[in-house]
Amino acid sequence: MNKRENFGSRLALVLAMAGSAIGLGNIWRFPYLVGQNGGAAFVIIYIVSCFVLVLPIFMAESIIGRRTRLSTFGAIKKLAPGSPWKWIGLLTVITPLLILGYYSVVGGWSVDYLWKACTLRLTHNTAGLFPGFISSVWEPLIAFTIFLVATAVIILLGVKNGIEKFTKICMPALFVLIVGIVIYGLTLPGSMEGVIYLVKPDFSKIDAGVVAAAMGQAFFSMSLGMGAILTYASYAPENENILSSGVGTTLADLGFALLAGFAIMPAVFSAGIQPGEGPGLVFDTLPYIFSQMPSWIGAILGIVFFLTILMAALTSSISMLEVGVAYLQEEKGIGRVKGTIIITLIAWVLGIFCSLSFGPLAGVKIFGLSIFDCIDKLCSDWLLPLGGLLFTLFVGWYMSKADVRDEFTNHGTANVGVFSVIYFLMRYIAPVGIVVVFITNLVL
Ligand code: PFF
């Protein structure tokens, strides 16, 4: 077995975790789900989910990862030898693969739009550009392949040289870029309506589907329920305070989602676009806005914006790939290069079907959904919350309280006061919350 690498510092760990969390989920998925699920009411449920469900599960994954210093499969086997709990490991190998496949398709859209911006194709009439693009065959496929290969290359460089260096540069840059876009968006005519849409809740819009979507988005956005955070926590420095990295990542991720909402919704309203239009929202709205500006400003902003999305997407996709590669490395003794190639190829085949489901395969429906929508919904509304439920049950009910406390408090030296609160959330509130949402979603 190869010698395990660790992140070089606390900052590197937090940035890598935040890099995994902040991604297309915040910039592409959150705004269109807000638009489809009624605006501010969805945002409120989302915020509550982040603290009541997500934070305890983040802690559960961190505790397992750091305690064992192994990726999911090995970690569970070590803590619960010979027990059926080992099947959690399997779930966390399958889910990241499924997500990596369709996530890379959207990553490819940002590669393509960056290219469009660089070649000045977003500076004039962009009406119909997005539908035409995703329904074509080759352009999205080539862009998707470039994105996936870029992800694989970063992973091949390893934890310290690849993930750590890349996220250290990208995350702060990302923040500056998105704040600039928010400020610009607020100056657009009619943008206030978008702000009101984000802050004034209409609670009549809430039903079981909205709650399930908000919860699923919270899991997706925080990279929970599939072992990504567990794997990163397994690389954590010995003295790391896992509560502060958890709270830090949650706040950064939430802040970023809200910033993305404020970057996009005002522009949506200003452009007279329907907020509920779905996955194309960001790719339709922003180019329209850029095309309305003097062309050199539109060109620069277009490049900046799609570069931002691309960086955010890469720091997330590398964490999905890392889960699978770490598994093959530790459990199957397969080297990093070979493991990366295997996982990338499987994700590539899956992604081809997802990409084509906007074009030639649009007629193929599973439970009434396209291949892309079906995998998206299966992962975020079901598999990720299920993974989260199993992690929190494992830590809350299977592991001994003494072990959980020892890991959470760094052997009694930190977070001693809040342990009982988090433990209570892990044992009761998070599991019950997830089960209730599952049941209501199934019944209604
Ligand atoms: N959290 C990422 C995002 O918001 O884009 C997506 C993601 C990354 C989901 C890693 C799951 C994961 F394991």
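For a 28 Å ceiling on Cα separation, which of these pairs sit above it: 77/338; 332/401; 332/365; 86/205; 86/401?
Working: 77/338 24 Å; 332/401 31 Å; 332/365 36 Å; 86/205 40 Å; 86/401 20 Å.
As for pairs spanning more than 28 Å Cα to Cα, those are 332/401; 332/365; 86/205.
Averaging sequence separations of C-alpha pairs under 8 Å and six or more residues apart, then dividing by the length of segment 306-383, give the relative contact order as a whole percent.
Values: 37 pairs, mean separation 12.1, N = 78.
Here the relative contact order equals 15 percent.
Cross-link candidates for residue 377: which aspartates and glutamates have Cα within less than 19 Å, leaving aside residues fewer than 8 places away along the same chain?
207, 277
Arrange the following residues from fewest to most other Cβ atoms within 10 Å of their Cβ: 72, 92. It would help to have the intermediate numbers written out before the result.
Details: 72 32, 92 29.
Taking fewest neighbouring Cβ atoms as first place, the list is 92, 72.
Normalise the Debye intensity by I(0) for segment 278-408, one equal point scatterer per Cα, no solvent, then take log10 at q = 0.17, 0.21 Å⁻¹ and round to two decimals.
-1.17, -1.26
Express in whole angstrom the spacing between the alpha-carbon centres of segment 260-295 and segment 48-90.
39 Å
Determine the distance separating the Cα centre of segment 426-440 from the Cα centre of segment 344-399; give it in Å without decimals.
21 Å
Separation between the residue 202 and residue 251 pseudo-spin-labels, each 7 Å from Cα along Cα→Cβ, expressed in nm?
For residue 202 paired with residue 251, the spin-label model returns 3.4 nm.
Using square roots of five times the C-alpha gyration tensor eigenvalues, list the equivalent-ellipsoid semi-axes of segment 188-303 in whole Å, biggest first. Walk me through the intermediate numbers first.
Numbers: eigenvalues 214, 85, 33 Å².
For segment 188-303, the ellipsoid semi-axes come out as 33, 21, 13 Å.
At 37 °C and a viscosity of 0.692 mPa s, what translational diffusion coefficient does Stokes-Einstein give for segment 74-143, taking Rh as the Kirkwood radius over Cα pairs? Give it in µm²/s as a whole number. Write out the running numbers ahead of the final one.
Working: Rh = 15.2 Å.
Translational D for this selection: 217 µm²/s.
Over segment 285-426, what relative contact order in percent results from Cα pairs under 8 Å that are six or more residues apart? Walk me through the numbers before you get to the answer.
On the way: 63 pairs, mean separation 12.5, N = 142.
It comes to 9 percent, rounded to a whole number.
For the chain, what is the calculated [θ] at 222 nm in deg cm²/dmol (nearest 500), taking -39500 (n - 2.57) for each run of four or more DSSP H residues and dividing by its residue count? Can you show the working numbers first?
Values: 21 runs with 305 residues, N = 444.
That comes out to -22500 deg cm²/dmol.
Could you tell me which residue out of 296, 228, 258 lies farthest along the dipole of segment 190-303 toward its positive end? Charges go on the beta carbon: Lys and Arg +1, Asp and Glu -1, centred on the Cα centre.
Farthest along the dipole direction, towards plus: 296.
With no solvent and one point on each alpha carbon, what is the Debye value of log10 I(q)/I(0) for the chain at q = 0.13 Å⁻¹?
-1.14
Express the relative contact order of the chain as a whole percentage, based on alpha carbon pairs under 8 Å and six or more residues apart in sequence. Write down the numbers at each step before the final one.
Working: 742 pairs, mean separation 157.2, N = 444.
It comes to 35 percent, rounded to a whole number.
To make sure I understand the rule: partners must be lysines, Cα under 25 Å from the Cα of residue 168, and not fewer than 8 residues away in the same chain. Which ones qualify?
Of all the lysines, those that pass the test against residue 168 - Cα under 25 Å, at least 8 places apart if same chain - are 3, 160.
Based only on Cα atoms, what mean projected area does the convex hull of segment 343-382 have, in nm²? Can you show the working numbers first?
Values: hull surface 12.0 nm².
Spelled out: convex hull of the Cα atoms, projected over all directions, averaged, 3.0 nm².
For residue 416 and residue 428 in the same chain, what is the full-extension length gain: residue separation times 0.36 nm, less their Cα-Cα distance, in nm?
2.4 nm is the gain from fully extending residue 416 to residue 428.
For the chain, with the dipole built from +1 on Lys and Arg beta-carbon atoms and -1 on Asp and Glu ones, taken about the Cα centre, which of 385, 346, 118 lies farthest toward the positive end?
346
Along the three principal axes, how long is segment 337-444 when you take its alpha carbons, biggest first, rounded to the nearest angstrom?
Taking the Cα atoms of segment 337-444, the three principal extents are 58, 46, 19 Å.
Over the Cα atoms of segment 128-223, Rg to Rh with Kirkwood Rh, two decimal places?
Numbers: Rg = 19.2 Å, Rh = 18.0 Å.
Computed over Cα atoms, the ratio is 1.07.
Magnitude of the Cβ-charge dipole of the chain, K/R +1 and D/E -1, about the Cα centre, nearest 20 debye? Kindly include the intermediate steps, with their values, before the conclusion.
Numbers: 25 positive and 22 negative charges, 186 e Å.
Dipole magnitude for the chain comes out near 900 debye.
Can you compute the charge dipole magnitude of segment 263-378 about its Cα centre, using +1 on each Lys and Arg Cβ and -1 on each Asp and Glu Cβ, nothing else charged? Give it in debye, rounded to the nearest 20. Let's see the in-between values first.
Working: 5 positive and 7 negative charges, 46 e Å.
With only Lys, Arg, Asp and Glu charged at Cβ, the dipole is about 220 debye.
Throughout, read-outs are computed from the coordinates displayed, never taken from laboratory work. It should be emphasised that the depicted structure is a prediction, and the values quoted were computed from it without experimental measurement. So basically every Cβ, Gly included, is an ideal-geometry build from the backbone, and we count neighbours across all protein chains shown.
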